[in-house]
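The values are calculated or read from the model by the stated rules, or taken from the named source; none is laboratory data. The structure presented is a predicted model; accordingly, all values stated were derived computationally and were not measured. No Cβ is skipped: glycine too gets one built from the backbone with ideal geometry, and neighbour counts run over all protein chains shown. Just so you know, the surface numbers come from the protein's heavy atoms only, side chains and all, with ligands and any DNA or RNA stripped out. Shrake-Rupley method; radii C 1.70, N 1.55, O 1.52, S 1.80 Å.
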Amino acid sequence: MSMKRIVTIQDISCVGKCSLTVALPIISAMGVETAILPTAVLSTHTMFNEFTFRDLTCDITPITEHWKREQFKFDAIYTGYLGSFEQLALVNKFFTDFKTSDNVIFVDPVMADNGKLYPGFTPEFAKAMAELCKQADVVVPNLTEAAFMLGEECCLAGYNEDYIKSTLKKLTALGAKCAVLTGVSFEPGKVGFMGYDSLKDEFFSYYHRRIDMVFHGTGDVFASTAVGALTRGFTLGEALKIAADYTVECIEITMADPEHDTYGVEFEKAIPALLKTLGDC
Ligand code: PXL
């Protein structure tokens, strides 16, 4: 079987274990080639007190023009943290240029969590990110990102299944074929995701134990694993479940290390378990 190839478009945060320093090792370990289109280089992710930031927007067009001349094809296009309106426009064009009849466009609209936008993002940016979802096959916002993209008040607790289902339908109405909400919880101690496939008109969900500890980069671990598994041929529901279980495993392994860092999870230690789940060893 020929090797599958993903391209992921997001920043390099040199220290901090998120975005490309998570996507590259995880997707590669899953046996899928990982091409990258780096959008910026930061000394760390933006949750540190300070960070350097070199914007690489100017490189996006020359890189993609070269790739077009080479006629590269990608089995999946996976976008994460994007830093400007201009980058969103260029990524929209990238989707148009590299969409094929059978590849998957997977958008993780990284912008916000726990009711708040990350530093540097605005409600207008969230609306522009919603535009990017138009061309997506799969979008995976958390509840906060979904609310900002839909221009609604954030509702982080006390909601019912109807609220989640109607939010999912509104997200697919933006144009995405499938929408998945992460961080969904209907009972104490449990959290997971609910998704909606608008082509099949089907909902799916999965819940696991909730761990009351926040580590940065877990969203990127989840999205990277989901894209990897999807590219390996798992259904979307299966791929997301594999990703959720791996993310929980990463958090638990990290918490078991009394000297763990707080800026990211020790996902490296859980890779053998992930490969077992995939049936690779
Ligand atoms: O994990 C998402 C992410 C990616 N890239 C940068 C970030 C964050 C989250 O804060 O700051 C630069």
In terms of solvent-accessible area of protein heavy atoms at a 1.4 angstrom probe, what is the ranking of Ile9, Ile211, highest value first?
Ile211, Ile9
Can you compute the FRET efficiency between Lys99 and Asp201 using 1/(1 + (r/R0)^6), with r the Cβ-Cβ distance and R0 = 22 Å? Round to the nearest 0.05.
0.40
Between the range 203-278 and the range 182-202, the alpha-carbon center distance in angstrom
16 Å
With +1 assigned to the C-beta of every Lys and Arg and -1 to the C-beta of every Asp and Glu, and no other charges, what is the dipole magnitude of the chain about the Cα centre in debye, to the nearest 20?
620 debye
So if I restrict to the alpha-carbon atoms in the chain, what is the Rg, and what is Dmax, the biggest pairwise distance, in Å?
17.6, 53
Got a number for carbon plus sulfur as a percent of the chain's accessible area, 1.4 Å probe?
53 percent
Per residue accessible area in Å² of the range 209-252, where ligands, DNA and RNA are left out and the probe is 1.4 Å:
37 Å²
Loop-located trypsin sites (Lys or Arg not before Pro) in the range 196-281, at most 10 other Cβ atoms within 10 Å (DSSP):
Lys200
In Å², and per residue, what accessible area does the range 1-85 have when probed at 1.4 Å with the other protein chains present?
47 Å²
Relative contact order in percent for the range 71-119 (Cα pairs under 8 Å, 6+ apart) equals 50 percent
How large is log10 I(q)/I(0) at q = 0.10, 0.12, 0.20 Å⁻¹ when the Debye formula is applied to the Cα atoms of the range 150-239, each weighted equally and without solvent?
-0.27, -0.40, -1.13
For the chain, what proportion of DSSP beta bridges, expressed in % and rounded to the nearest 5, is antiparallel?
45 percent
15 Å beta-carbon shell around Thr21, net charge (K/R +1, D/E -1)
-4
Max mean-square fluctuation residue, GNM over the chain, Cα-Cα springs under 10 Å, options Cys155, Cys178, Cys250
Cys155
